Each structure stands twice: as C-alpha cells, then as structure tokens.
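In what follows, a structure is listed as structure tokens, so that the remarks can point back to it.
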Amino acid sequence: MEITKETDSYNERRYGKPWIAVVDYSNSRKGEFSFGDWQGRPGMAGELYITCEPGDIIAVGQKDFRKPRNSAPKYHQVNESGELIYISNNPVDAYKASKKEETKS
C-alpha cells in the first residue's frame, strides 16, 4: 500500500527537506532505512510518499541545521487500514514495536 503524509511549510535556511522511510530491523537493531519520496518546493508545504505493508515501522524526519539534536525522526507503525500510529521519537521504542509485530505473525 502507498502511504501519503502532508508536510507543512518550513524555513528552508533552517531546515532540510522532509523525509520518510520504512525501517527494517531484520538485519540490524539500528534498522535499515528505505527512503520514500517528497513532493514539494523547498520551504513550501508538500507530501511524503512511501510504499509499505501493515505492521511496518515508518520514520519521518526533517534535518534542523541550527540544532541537530532536534533532528531525531518520529517513529510510526502502519495499521491494517493504512494509518500511521505514532510510537515515539525514541528508536528503542520503535525496535520494540517491530518485535511485538513479529511475534503476532
């Protein structure tokens, strides 16, 4: 299924363009990111697109050039209807959620 997520306008001198990725924990606890696409003009509102499956962990982020520590991605899980359910901005919580999904299967 394809997920779309709207993004807000932003100050392009302070922030990088928004990004979205499916996080695969099968080979690494850190996760391997498979990036989707963003459509929009720098600084303007746009949309993120990614192909995923129910149960996948999705990371959404945007680089903050002034305060890099604020650049941590937000992790979500895709439910059966294709909605993104917020997990946390902590990668450990995302990893644990991915392992809970594996035990259900």
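Throughout, read-outs are computed from the coordinates displayed, never taken from laboratory work. What you see is a predicted model, and the numbers here were worked out from it, not measured in a lab. Positions of Cβ are backbone-derived with ideal geometry, glycine not excepted, and every protein chain shown enters the neighbour counts.
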Principal-axis tilt of helix 91-104 within the chain, Cα atoms, nearest 10 degrees: 40
Dipole magnitude (debye, nearest 20) for the chain, charges at Cβ of Lys, Arg, Asp, Glu: 760
From phi via Karplus (6.51, -1.76, 1.60), per-residue ³J(HN,Hα) for the stretch 12-20 in Hz, x at Gly/Pro: 5, 7, 9, 10, x, 6, x, 9, 9
Cα centroid of the stretch 41-105 to Cα centroid of the stretch 1-27, whole Å: 8
The stretch 16-105: GluC sites (Glu not before Pro) in DSSP coil with no more than 13 other Cβ atoms inside 10 Å: Glu80, Glu83
Option label - log10 I(q)/I(0) by the Debye sum over Cα atoms at q = 0.11, 0.21 Å⁻¹ computed here, alternatives (i) -0.83, -1.10; (ii) -0.39, -1.14; (iii) -0.34, -1.11: (iii)
Relative contact order [Cα under 8 Å, 6+ residues apart], the chain, whole percent: 26
